[in-house]
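The values are calculated or read from the model by the stated rules, or taken from the named source; none is laboratory data. Every value quoted in this text rests on a predicted model; they were computed, and no experiment measured them. Because the Cβ atoms are built from the backbone with ideal geometry, glycine has one as well, and the counts that use them run over all protein chains shown. Note: accessible area is taken over every heavy atom of the protein model, side chains too, but ligands, DNA and RNA are not part of it. Shrake-Rupley method; radii C 1.70, N 1.55, O 1.52, S 1.80 Å.
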Amino acid sequence: GSGLVGEGALAVSKNFRSSRVLAAGPIRLVFEVAYPEWEKPGLKATETKRVTLDAGSHFNRFESFYTVEGEGPITWAAGIRLAKGVVPRVDRERGILRTWEHQGQYGDNGWLGCGVVVDPAAVLDTKEEGGNQLVVTRTPQGQPVTWYAGSGWDGSGDFPDVAAWDR
């Protein structure tokens, strides 16, 4: 997930008000969802999120177009939920967060990697908050906030181990 960071708190909206499909593939699916206005102390914003899903890719592209009251850059965060016992890898220099966790809740179902990739030049901080590992970044107002998120499973044959997932 992602969200704006304002006054030390993360503002995240999960209830979108409208959606539309921009491309219905078979090679590429692109859709947008619009969220209602957020109003929190020190933050008033709207968001339209565009999601691009490409066939055969382990990562999806996310772009958020924010309208924010006031001047200056937009500070935002994207992250990965931290399952119990999972230690994430944070690579600020490459703009990468990743996890690699055993899927053993219902038997041995292998290992699953989750990842978030952002522009490393935009990274301000990384932190653990609310059961998530976050990368906090800054984007100039008027430009879309862009990140990639995806996953890989060792049972797919594409990622036999954590080193392959890191590459």
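Has region 126-134 got at least one residue that is out of contact with any strand residue (DSSP E or B) (no Cβ under 7 Å at 6 or more places or on another chain), among the polar types (S, T, N, Q) and open to solvent by 30 Å² or more (accessible area, probe 1.4 Å)? Within region 126-134 (the criterion being out of contact with any strand residue (DSSP E or B) (no Cβ under 7 Å at 6 or more places or on another chain), among the polar types (S, T, N, Q) and open to solvent by 30 Å² or more (accessible area, probe 1.4 Å)), the answer is no, since none of the residues qualifies. Could you please tell me which pairs satisfy a Cβ distance under 6 Å, a separation of 6+ or placement on different chains, a first residue in region 43-55 that is closer than 14 Å to residue 145 by Cβ and in contact (Cβ under 8 Å) with a residue 24 or more places away in the chain, and a second residue that is among the aliphatic types (A, V, I, L, M) and open to solvent by 20 Å² or more (accessible area, probe 1.4 Å)? From region 43-55, the pairs are 45/68. Residues that are surrounded by fewer than 21 Cβ atoms within 10 Å (Cβ to Cβ), of a type in the set (Gly, Ala, Ser) and within 27 Å of residue 64 (Cβ to Cβ) within region 97-121 comprise just one, 121. Kindly indicate whether residue 139 is touching a helix residue (DSSP H, G or I) at 6+ places or on another chain (Cβ under 8 Å) and touching a residue at least 60 places away in the same chain (Cβ under 8 Å). The answer is yes for residue 139.
Residue pairs whose Cβ atoms lie under 9 Å apart, sitting 6 or more positions apart in sequence or on different chains, and linking a residue in region 1-30 that is among the polar types (S, T, N, Q) to a partner that is at pLDDT below 75, are 2/12; 13/3. Inside region 1-46, counting only strands (runs of 3 or more DSSP E) that do not spill past its ends, which hold 1 or more residues that are crowded, with 17+ Cβ neighbours inside 10 Å, among the aromatic types (Phe, Trp, Tyr) and modelled with pLDDT under 85? Correct list: 28-40.
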